Amino acid sequence: MTLIRHLLLIAVLFGASTAFAQGSSLARSDRAATISNVPAEVLVVLAKEEPGEIDPQLKKLTALRRPPFNSFRSMQILSRPKLTLTPGKDALVSLPNGRRVKLTLLRVMPDGRYKVKAAINRPDKSDYLPLLQVVASAGDPFFVAGQTYKGGTLVVGVIVDPKKTTQ
Amino acid sequence: MESAKTEDEKLQMFFDGELAPEEAAAVRRSLQASPEGAAQLREWEQLRVAMRSVSADWAGQIDSDALFARIEADLSAPVIPIDRPARTPAFREVPGGRERRVWGAAAIGFAAAAAIFLVVIASPTGDPQGGAPAVARGSEVLEVDFGANTGTIFEVEGGAGQSLAVVWIDDEEVGLP
């Protein structure tokens with residue numbers, strides 16, 4: 001290999017690495033600057049295996065018709081609180097069984113998804129869900145299900161930045 | 001101009017290990033006199049070591065005896081003349097063209113680097129407030145502590161085909177009535 005080729009190779013590699021580093025740092029700084037507040041929505045659904053009505057508002061949420069949710073024949077929205085997630089600050093949502101969901105926005109990942117921490121307490125007992133960390137893209141929910149309530153099961157869906165829903 | 005050309009050729013010969021020991025030592029001293037030159041020297045030496053390593057690896061994979069036997073067989077084979085039309089050379093050596101090629105190649109390299117830089121800068125950053133995320137969709141569990149309960153993590157397909165995380169936790173504490 002001659003000096004010419006080496007010069008060419010070094011120039012391309014140097015330029016590419018510099019561009020990548022600068023592009024990445026710009027992307028990170030952009031995200032850091034725009035992460036201040038992110039809207040979120042918590043969907044509290046009472047699901048039962050006995051036949052009944054599926055709330056029309058859930059029709060678009062096709063994930064609730066697939067396993068492990070497909071054994072439920074009725075679904076009723078109990079509440080749908082909207083909140084604002086601020087990085088590092090806890091946001092609380094009360095559940096109908098007296099427990100509370102605690103949500104914390106941790107950061108925005110390099111791929112644009114939100115890293116969120118969730119916990120659900122259980123009064124006078126150890127926490128029902130001590131810790132859950134997820135990454136979720138804007139508009140795509142994650143679910144916590146399994147709490148028994150009024151003969152059914154609570155399905156809690158959390159959607160960060162719900163305006164960008166793809167469901 | 002002539003001295004610059006001579007310097008360039010000397011550098012190239014130095015890198016290729018073609019200089020006489022005293023000339024190589026002089027070039028090395030000259031490079032080491034400045035921080036930029038010393039850095040350039042280190043880069044070349046690293047490159048040379050890497051190339052040697054790769055060459056050694058490749059050499060280890062070649063059956064040299066078989067290769068030389070084949071070359072000797074080809075050389076000893078009778079030559080059969082073939083009438084072919086005279087070819088026009090694709091490249092023509094022009095006096096002074098070597099230097100132009102060096103700078104031309106470097107210019108192409110920097111142009112390519114600049115193009116890569118512009119593409120990265122101009123491409124969307126996946127700003128979560130303003131544009132669509134660049135790559136990933138859906139939701140995914142990174143960490144979960146079920147505490148005193150038992151639980152399961154599911155993935156369920158969303159309406160857009162994306163994977164959505166479902167954490168299912170039994171409401172009964174393990175070991176408690």
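Every number here is computed from the coordinates shown, using simple stated rules; none is lab data. Given the structure is predicted, the values throughout are model-derived calculations rather than measurements. Note that each Cβ is placed from the backbone with ideal geometry, even for glycine, and that neighbours are counted across all protein chains shown.
Below, the figures for the structure above:
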| quantity | calculated |
| --- | --- |
| Amide H contacts under 5 Å for A:L85, placed H, 5+ residues apart | A:V38, A:A40 |
| Net charge of Cβ neighbours under 13 Å - reference B:I169; Lys, Arg +1; Asp, Glu -1 | -4 |
| Residues A:Y149, A:Y128 arranged by fewest to most Cβ contacts within 10 Å | A:Y149, A:Y128 |
| Unsatisfied cross-links (Cα-Cα over 22 Å) in the set A:K60/A:K117; A:K89/A:K117; A:K115/A:K163; A:K82/A:K163; A:K48/A:K125 | A:K60/A:K117; A:K48/A:K125 |
| Ranked list, fewest to most other Cβ atoms within 10 Å of each Cβ, for A:K117, A:K163 | A:K163, A:K117 |
| Ranked A:D111, B:D74, criterion: other C-beta atoms within 10 Å, fewest first | B:D74, A:D111 |
